[in-house]
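To start, the structure itself, in structure tokens.
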């Protein structure tokens, strides 16, 4: 029981890498969730969570307003999106940290001058 408590507190004390976050999510699911939902279910949940984030963004930065008594919490909504994405990465055997590195390399190689030369961004 103490080990479970230590694992949960670790996420609050130390900076998290994506790999570390994937491990913590996996430990949490195995400890409290019994098993992962199916990939298709988690994809639907991810879509739902992105919708909740979009709703918050539309009310915080867009033209819509919050209902009376409703409090914005963009960070929590973003964390919900990340949580489900981490679940999907775990389920499909994807190392998000490595994939993000590759993605940076791809974007740098492909787009290194495109944005700098974009007049709309100046």
Complete set of residues in the range 59-72 that are at pLDDT below 95, closer than 29 Å to residue 18 by Cβ and either exposed (fewer than 12 other Cβ atoms within 10 Å of the Cβ) or in contact with a strand residue (DSSP E or B) (Cβ under 8 Å, 6 or more places away or on another chain) (or both): 71
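Can you tell me which of 19, 11 is at pLDDT 95 or above and within 16 Å of the chain's Cα centre (by Cα)? So that I can check it myself, show each step before the final result.
Working: 11 fails: at pLDDT 95 or above.
Among 19, 11, only 19 is at pLDDT 95 or above and within 16 Å of the chain's Cα centre (by Cα).
When you look at residue 5, is it part of a helix (DSSP H, G or I), at pLDDT 95 or above, exposed (fewer than 12 other Cβ atoms within 10 Å of the Cβ) and more than 17 Å from the chain's Cα centre (by Cα), yes or no? It would help to see each step written out before you state the result.
Working: part of a helix (DSSP H, G or I): yes; at pLDDT 95 or above: no; exposed (fewer than 12 other Cβ atoms within 10 Å of the Cβ): yes; more than 17 Å from the chain's Cα centre (by Cα): yes.
No.
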Subset of the range 74-122 (residues that are assigned to a loop (DSSP other than H, G, I, E, B) and either modelled with pLDDT of 95 or more or farther than 28 Å from residue 58 by Cα (or both)): 93, 94, 95, 112, 113, 114, 116, 117
Residues of the range 38-58 satisfying the condition of being surrounded by 17 or more Cβ atoms within 10 Å (Cβ to Cβ) and assigned to a loop (DSSP other than H, G, I, E, B): none
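How many residues are surrounded by 13 or more Cβ atoms within 10 Å (Cβ to Cβ) and farther than 18 Å from residue 27 by Cβ if we restrict to the range 81-98? Give the derivation first.
Just the residues of the range 81-98 that are surrounded by 13 or more Cβ atoms within 10 Å (Cβ to Cβ), to begin with: 81-91, 94-97.
Right, trim to farther than 18 Å from residue 27 by Cβ and you get 81.
Final tally of qualifying residues: 1.
Given 60, 71, which one is over 18 Å from the mean Cα position of the chain (by Cα), farther than 21 Å from residue 100 by Cβ and in contact (Cβ under 8 Å) with a residue 12 or more places away in the chain? Don't jump to the end; show me each part of the working.
Values: 71 fails: in contact (Cβ under 8 Å) with a residue 12 or more places away in the chain.
The match here is 60.
The values are calculated or read from the model by the stated rules, or taken from the named source; none is laboratory data. Here the structure is a predicted model, which means the values were calculated and not measured. In this analysis, Cβ positions are derived from the backbone assuming ideal geometry, glycine residues included, and neighbour counts consider all displayed protein chains.
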